[in-house]
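Participant: Starting off with a structure, shown below.
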Amino acid sequence: MTTPDTRRRRARLGLFLLATVLAALTVFPLLWMVTGAFKGPGEVGGTNLLPQSPTLDNFDYVFTQVPFLRYLLNSFFVSAVVTVIALFFHSMAAYALARLRFPGRDRIFLFIFATLLITFPAVLVPLFVIVRELGMLNSYAGLIVPAIFNAFGIFLLRQFYITLPTELEEAAKIDGAGYWRIYFSVILPLSRPIMSALAVFFFLANWNSFIWPLVITGDQELNVVQLGIASFQQQYSGKWEYVITAAAVAAVPTMLLFVFFQRQIVESIKTAGIK
Amino acid sequence: MNAQTRRERIAAALFLAPDMVGLLVFLVLPMLLSLVLAFFQVDGFGGIEFVGLDNYARMIDDPQFWVSLRVTLAYVVFLVPLLFGTSLGLALLVRQKIPAVGVFRTAFFLPYMVSVVVVGLLWRYMLGDDIGIVPSALSGLGVPAPSFLGDPAYALGTVVAITVWVSAGYYMVIFLAGLQDIPREYYEAARLDGAGPVRSFRAVTWPLLKPTSFFVLLTSTIAAVTGGFDLVFVLTNGGPANSTSLLVFYVYQQAFQFGEFGYASALSSVLVLVLLVWSLLLFRITKAGKFSYDDA
């Protein structure tokens, strides 16, 4: 006899199986990439998920035949600098928009919000022209400076600052603190949770960015990792064991970052999406 | 105006200055410039000459432009609904009380973390005619595998499918946030009225999720109109037979392979125009980003 209880348990089992199958299909390509990095040339075209005779030769090749470490360091440097400066600037702007009173505040906020809708590929060509006129082609400045500014971070921080209680600020004001002091010693410490979420987000976006480095850098010295693996593919087409190893090396840091900072990333998407 | 007010205003201006200058120079100016540059002939060495509407006239006579426009349209029309359905489905699935639901959420979101270049390389490896696991698995099952990336009939569909694989987890998270905002009591009430899962989805979830659905539809459309470049660049390079030559990709080719900056700007002004109309629509519907349940 089927009671509503067993029927519900069966439905739940069915959903669990469905989720398992879908999750396995979703993750499989990533697994295939990671295990592929340990396959030799004889196995890389095979159908086994796990290599029969695992090898580290591919890593050896990738790191010694191309300046892959240099690419990784370039990406790390650019992403880290952009993240730090962006957090600093955005929190400053957000503080003004959320906590200070001045004429035109809502209009400025609306203007910043509107720039959210200018997506990067649509302005790629004129942006390139501007950066060229500023003499920043083929330089770290060209990679870093234009990547700093986006309304997303300002918007998110402002929404957060609006919810902060005013008591701490009032207390600091009575102690004679100016606005910079309040920003540094009251607002910044309070924004640690949202800043860490944004930091992960900015770092990832810059680590993964490709089009901009592609159009503004030419020197191999300046190659970021995404550019490195894309040109690697053109250079070694057919040598799939090397290409897939390079791809795995570029992807693993971001996946690890996700495993450790999952909550922050998910929270920032939710906040940006709805509120 | 007293000294205190003045101090506050000066402080606000200073706090806002770095980001405002940056946004103006690197976002707003390019947007305006894209509309201006389109009336000039610009070569790769900084030479510039006013040509009026020539670039637009050239666009109308350029068959490749029309091909790109058609490819972009097909891409958006297939991608947006597919992405919407998939991510909503996943969100509903991982909303259920099933064991290890956190693991499933992580699994569905994971592809979004990987860069598009890696995604492109990975899927070339997975789908390659002689190397790929997907064609081998299909022929193992007795299904003749098409050339996913080499056949013009399949290439754009493959790009769409891969994009769904990458982004569904992202929109799933947004849907999840929307679902969590729906009060539990409504479902309780629906259940007491004898509504099954389908009825309670139609009577409770769907209407209350409308603001989220609007948001996802509008933002994913913007992402689709201007996106896809990196994936196409790595995966198909616009081919085969231009079947994946999105407008953004054609803009890139004109600007950075042929040095036609003016013409490329004219092309991208079409994108900007589409975005502008879409943004105004977004603003009207959402009242500057603030949804309310009444107008959804």
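Participant: Take the Cα atoms of segment A:66-274, build their convex hull, and give its volume per residue in Å³. If you can, show how the numbers build up before the last one.
Facilitator: Values: hull volume 31.2 nm³, N = 209.
Once divided by residue count, the hull of segment A:66-274 is 149 Å³.
Participant: Would you list which aspartates and glutamates come within 20 Å of A:K270, measuring only between C-alpha atoms, while excluding same-chain residues fewer than 8 positions from it?
Facilitator: B:D181
Participant: Something else: When all alpha-carbon pairs of chain B are counted, what percent fall beyond 34 Å? List each step's numbers first, then the result.
Facilitator: Values: 17251 of 43660 pairs.
The calculated P(r) of chain B puts 40 percent of pairs beyond 34 Å.
Participant: On to the next question. What does the accessible area per residue of chain B come to in Å², with a 1.4 Å probe and no ligands, DNA or RNA counted? Write down the numbers at each step before the final one.
Facilitator: Working: 13370 Å² over 296 residues.
Roughly 45 Å² per residue, with all protein chains present.
Participant: From the helices alone, meaning DSSP H stretches of at least four residues, give me the mean residue ellipticity at 222 nm for chain B, per-run term -39500 (n - 2.57), in deg cm²/dmol to the nearest 500.
Facilitator: -22000 deg cm²/dmol
Participant: Taking a 1.4 Å probe, which of B:E8, A:E43 shows the most accessible area, and what order do the others take after it? Don't jump to the answer; show the numbers that get you there.
Facilitator: Values: B:E8 10, A:E43 40 Å².
From most accessible down to least: A:E43, B:E8.
Participant: For segment B:97-186, calculate the relative contact order in percent as a whole number, restricting contacts to Cα pairs under 8 Å that are 6 or more residues apart.
Facilitator: Working: 52 pairs, mean separation 27.7, N = 90.
Result for segment B:97-186 is 31 percent.
Participant: Let me see the P(r) profile for segment A:90-160: every Cα-Cα distance counted, bins of 5 Å, each bin given as a percent of all pairs.
Facilitator: Here the calculated profile for segment A:90-160 is 3, 15, 21, 18, 15, 14, 10, 3, 0.
Participant: Considering just Cα atoms, how many Å³ per residue does the convex hull of segment B:124-258 enclose?
Facilitator: Values: hull volume 20.3 nm³, N = 135.
With only Cα atoms used, segment B:124-258 gives 150 Å³ per residue.
Participant: Set the Förster distance to 35 Å, then compute FRET efficiency between A:L69 and A:R263 from the Cβ-Cβ distance, nearest 0.05.
Facilitator: Values: r = 31 Å, r/R0 = 0.89.
For A:L69 and A:R263, the calculated efficiency is 0.65.
Participant: Quick one: if you stick a label point 7 Å off each Cα along the C-beta vector at B:R199 and B:Q4, how many nm between them?
Facilitator: 6.1
Participant: How shielded is B:103-112 by partner chains, expressed as the average number of their Cβ atoms within 10 Å of its Cβ atoms?
Facilitator: Per residue, the average neighbour count from other chains is 6.
Participant: To continue, here is another question. What figure in square angstrom, to the nearest 10, would you give for the accessible area of B:V274 with a 1.4 Å probe?
Facilitator: For B:V274, the solvent-accessible surface is approximately 60 Å².
Participant: On full extension of the chain, what length is gained from A:D57 through A:I162, given 0.36 nm per residue of separation minus the C-alpha to C-alpha distance?
Facilitator: 32.4 nm
Participant: Just to be sure I understand: if you take the accessible area of chain A alone plus chain B alone and subtract the pair, with a 1.4 Å probe, what total do you get in Å², rounded to 100?
Facilitator: Chains A and B together bury approximately 8300 Å².
Participant: State the percent of C-alpha pairs, over all pairs in segment A:4-58, separated by a distance greater than 16 angstrom.
Facilitator: On the way: 834 of 1485 pairs.
Percent of Cα pairs beyond 16 Å in segment A:4-58: 56.
Participant: Which order, highest average first, do B:121-130, B:245-254, B:92-101 follow once you tally other Cβ atoms within 10 Å for each residue and take the mean per peptide?
Facilitator: Numbers: B:121-130: 20.6, B:245-254: 24.6, B:92-101: 16.6.
Taking the mean over residues of other Cβ atoms within 10 Å, the ranking is B:245-254, B:121-130, B:92-101.
Participant: Mind checking the mean number of beta-carbon atoms from other chains within 10 Å of the Cβ atoms in B:93-101?
Facilitator: Numbers: counts 6, 4, 0, 6, 4, 10, 5, 4, 3.
Rounded to a whole number, the mean comes out at 5.
Participant: Viscosity 0.890 mPa s, temperature 25 °C: give me the Stokes-Einstein translational D for the protein assembly as shown in µm²/s, with Rh taken as the Kirkwood radius over C-alpha pairs. Please list the in-between numbers first.
Facilitator: Details: Rh = 25.7 Å.
Translational diffusion coefficient: 95 µm²/s.
Participant: A further question follows. With no solvent and one equal point scatterer placed on each C-alpha of segment A:1-141, evaluate the Debye formula and give log10 I(q)/I(0) for q = 0.20 Å⁻¹, two decimals.
Facilitator: So the normalised log intensities work out to -1.23.
Participant: Mind checking A:226-235 for the average number of partner chain beta-carbons within 10 Å of each residue's beta-carbon?
Facilitator: Working: counts 6, 1, 1, 6, 9, 0, 1, 6, 2, 0.
So the per-residue partner count for this stretch is 3.
Participant: Also: With a 1.4 Å probe and every protein chain kept in, tell me what percent of the accessible surface of chain B is carbon plus sulfur. If you can, show how the numbers build up before the last one.
Facilitator: Working: 8840 of 13370 Å².
Carbon-and-sulfur percentage of accessible area, whole number: 66.
Participant: Additional query: Would you please give the FRET efficiency between B:I182 and B:L141, computed as 1/(1 + (r/R0)^6) with r the Cβ-Cβ distance and R0 = 41 Å, to the nearest 0.05? Please report the intermediate quantities before stating the final value.
Facilitator: Values: r = 41 Å, r/R0 = 1.01.
With R0 = 41 Å, the Cβ-Cβ based efficiency is 0.50.
Participant: Quick one: which of B:137-146, B:69-78 comes out on top by average Cβ neighbours within 10 Å, and what's the full order, highest first?
Facilitator: On the way: B:137-146: 11.5, B:69-78: 18.0.
Going by the mean number of other Cβ atoms within 10 Å, highest first, we get B:69-78, B:137-146.
Participant: Let me ask another. Express the C-alpha Rg of segment B:86-193 as a ratio against the empirical globular expectation 2.2 N^0.38 Å, rounded to two decimals. Before the final figure, lay out the partial values.
Facilitator: Working: Rg = 18.4 Å, N = 108, 2.2 N^0.38 = 13.0 Å.
With N residues counted in segment B:86-193, Rg over 2.2 N^0.38 Å equals 1.41.
The values are calculated or read from the model by the stated rules, or taken from the named source; none is laboratory data. Nothing here was measured: the structure is a model prediction, and the numbers come from that model. Using ideal geometry, Cβ is built from the backbone for each residue, glycine included, and neighbour counts are taken over all protein chains shown. Please note that ligands, DNA and RNA were not included when accessible areas were found on the heavy atoms of the full protein model with its side chains. Shrake-Rupley method; radii C 1.70, N 1.55, O 1.52, S 1.80 Å.
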